[in-house]
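The block underneath contains the structure these notes are about, expressed in structure tokens.
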Amino acid sequence: MRPINIGLTEDQRCSVIELLNRNLADVYLLLVKTRKYHWDVVGPQFRTLHELWQEQYEALSLQADDIAERIRALGGYPLGTIEGFLRYGSIKEHPNDLPNANEMVNRLYTDYEQIVRNLRDHIAQCSDRYGDEGTADFLTGLMEGYEEAAWMLRSFVEGEALQGRPVASDNASNVPAGV
Ligand SMILES: [Fe+2]
């Protein structure tokens with residue numbers, strides 16, 4: 001096999017590949033959970049959540065592909081079995097459990113936050129410990145996308161919590177001064 005000479009030591013490359021495989025495992029596990037909830041969700045928000053989760057699992061599928069191909073670009077091999085994803089991932093599954101729509105949103109939100117925390121740690125390791133700015137930059141782009149996905153889910157739950165509160169009155173007392 002042709003040696004890889006991109007300015008990283010063997011140890012650095014292997015360490016980064018392992019971090020990327022952990023991210024790949026989490027993205028795949030979240031993809032599976034999101035798709036399951038896309039299928040199972042019921043209630044007045046069915047259409048909104050069904051469509052949001054389709055968008056999100058399609059994005060997760062593309063991201064899994066990007067991560068796997070970056071692993072190949074670094075000379076590694078991506079995980080490719082459910083067993084491997086479960087072994088290396090940090091996302092928890094909930095077998096034999098059918099939560100209501102709000103709990104589904106809460107669980108996915110928690111998972112996105114977990115992935116963002118993991119990525120923040122992996123980005124710091126890539127740049128500070130392993131000298132791989134390219135992967136740090138790649139993971140930073142991914143992290144921003146997951147922060148946005150988490151925001152969409154958080155907004156959904158926060159909207160639920162606001163139900164029953166008075167709507168803005170004519171004098172708009174709930175609007176900050178000067179707006
Ligand atoms: Fe579908």
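Details
- Between Gly84, Gly145, Gly43, the GNM of the chain built on Cα springs shorter than 10 angstrom shows Gly43 fluctuating the most.
- Modelled label positions at Arg117 and Ile6, each set 7 Å beyond Cα in the direction of Cβ, lie 3.0 nm from each other.
- For the stretch 10-159, taking Cα atoms only, Rg and Dmax work out to 15.8, 54 Å respectively.
- In a fully extended conformation the segment linking Ala124 and Ala73 would gain 16.3 nm over its present Cα-Cα distance, using 0.36 nm per residue.
- Nearest 10 degrees, 0 to 90: helix 101-124 Cα axis against the chain principal axis: 40 degrees
- Ordering of 51-59, 19-27 by burial proxy (mean other Cβ atoms within 10 Å per residue, highest first): 19-27, 51-59
- Here r is the Cβ-Cβ distance between Trp39 and Asp137 and R0 is 30 Å; the resulting FRET efficiency, rounded to 0.05, is 0.30.
- Inter-centroid distance (Cα atoms) of the stretch 117-143 relative to the stretch 61-103, Å: 18 Å
- Accessible-area value, Cys14, 1.4 Å probe, nucleic acids and ligands omitted, Å²: 70 Å²
- The listed residues Lys92, Lys33 rank as Lys92, Lys33 when sorted by accessible area, largest first, using a 1.4 Å probe.
- Subtracting the Cα-Cα distance of Leu62 and Glu18 from their residue separation scaled by 0.36 nm leaves 13.9 nm.
- Virtual spin-label span in nm between Glu148 and Glu83, 7 Å along Cα→Cβ: 3.8 nm
- Taking the C-alpha atoms only, the angle from helix 46-73 to the longest principal axis of the chain is near 10 degrees.
The values are calculated or read from the model by the stated rules, or taken from the named source; none is laboratory data. These numbers were taken from a predicted model, which means no experiment stands behind them. No Cβ is skipped: glycine too gets one built from the backbone with ideal geometry, and neighbour counts run over all protein chains shown. Side chains are part of the model used for accessible areas, which takes the heavy atoms of the whole protein and leaves out ligands, DNA and RNA. Shrake-Rupley method; radii C 1.70, N 1.55, O 1.52, S 1.80 Å.
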